[in-house]
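Participant: Below are the structure tokens for one structure; questions will follow.
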Amino acid sequence: MAVLAEERARPTLVELAPVADPAPLGLAAFALTTFMLSGHNATFIPDILWVGVALFYGGIIQVLAGMWEFRNRNVFGATAFSTYGGFWLGLGITVVLLETTKIGAGLTPTDIGNGVAWFLVAFAIFNTYMMLWALRVTLRSSACS
């Protein structure tokens, strides 16, 4: 991101320094949150633990990592981390709403299962085109070497 600064009568382009690489933070947040959800699916981690991690570490921290990737002009990383952060926030808040409000009481287990399935199908589509973008970046990088 650049800003113009007045220096005498002529404007000068001032470049802001990039922030530290947010990719390790974003990847760690995704990995730990995925591990917690997998532990829940394997029945050794209760809801309360993985949902908290999903909302805060997998969700908010990944959205922040995505915004820092935008700051570093990495559109691919920004898109990936921001979207996965939104995924964890969405999944976590869905569980919270289903467990604590009348929304969940009015739905059958089949309705809930179908809704979660469509949510996961949508992200499977996103993952597929992100994989294709990643291959394109990788193929372009190896062709330049």
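The values are calculated or read from the model by the stated rules, or taken from the named source; none is laboratory data. Keep in mind that what you see is a predicted model, and the values were worked out from it rather than measured. Quick reminder, even Gly has a Cβ in these numbers, built from the backbone with ideal geometry, and neighbours come from all protein chains shown. SASA here: full protein model, heavy atoms, side chains in, ligands and nucleic acids out. Shrake-Rupley method; radii C 1.70, N 1.55, O 1.52, S 1.80 Å.
Participant: With the checklist (1) modelled with pLDDT of 90 or more; (2) farther than 24 Å from residue 78 by Cβ; (3) open to solvent by 100 Å² or more (accessible area, probe 1.4 Å) in hand, flag the one item residue 21 doesn't pass.
Facilitator: Only one criterion is unmet by residue 21, namely (2).
Participant: Sticking with this one: Please name all residue pairs, on different chains or six or more residues apart, with Cβ atoms under 9 Å, provided the first residue is in segment 26-53 and is in contact (Cβ under 8 Å) with a residue 12 or more places away in the chain and the second residue is among the acidic types (Asp, Glu) and assigned to a helix (DSSP H, G or I).
Facilitator: That search, which allows pairs on different chains as well, returns 26/69; 47/99; 51/99.
Participant: Can residue 15 be described as farther than 21 Å from residue 91 by Cβ and either touching a residue at least 40 places away in the same chain (Cβ under 8 Å) or open to solvent by less than 80 Å² (accessible area, probe 1.4 Å) (or both)? Working first, answer last.
Facilitator: Details: farther than 21 Å from residue 91 by Cβ: yes; either touching a residue at least 40 places away in the same chain (Cβ under 8 Å) or open to solvent by less than 80 Å² (accessible area, probe 1.4 Å) (or both): no.
Spelling it out, it is not the case that residue 15 is farther than 21 Å from residue 91 by Cβ and either touching a residue at least 40 places away in the same chain (Cβ under 8 Å) or open to solvent by less than 80 Å² (accessible area, probe 1.4 Å) (or both).
The rows are residues; the columns are (1) open to solvent by 50 Å² or more (accessible area, probe 1.4 Å); (2) under 19 Å from the mean Cα position of the chain (by Cα); (3) on the phi < 0 side of the Ramachandran plot; (4) not polar (S, T, N, Q).
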site: 42; (1), (2), (3), (4): yes, no, yes, yes
site: 45; (1), (2), (3), (4): no, no, yes, yes
site: 52; (1), (2), (3), (4): no, yes, yes, yes
site: 64; (1), (2), (3), (4): yes, yes, yes, yes
site: 69; (1), (2), (3), (4): no, yes, yes, yes
site: 98; (1), (2), (3), (4): no, no, yes, yes
site: 107; (1), (2), (3), (4): yes, no, yes, yes
site: 115; (1), (2), (3), (4): no, no, yes, yes
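Participant: Do any helices (runs of 4 or more DSSP H) lying entirely in segment 32-139 carry at least 3 residues that are over 30 Å from residue 15 (Cα atoms), and which ones are they?
Facilitator: Numbers: elements: 47-53, 62-71, 75-100, 102-105.
Once the helices (runs of 4 or more DSSP H) in segment 32-139 are filtered for at least 3 residues that are over 30 Å from residue 15 (Cα atoms), what remains is 47-53, 75-100, 102-105.
Participant: Any residue in segment 117-130 that is closer than 20 Å to residue 77 by Cβ sitting within a Cβ distance under 9 Å of a residue that is open to solvent by 50 Å² or more (accessible area, probe 1.4 Å) and part of a helix (DSSP H, G or I)? List the pairs, counting only those 6 or more apart or interchain.
Facilitator: Pairs that qualify, where the first residue is closer than 20 Å to residue 77 by Cβ and the partner is open to solvent by 50 Å² or more (accessible area, probe 1.4 Å) and part of a helix (DSSP H, G or I), are 130/76.
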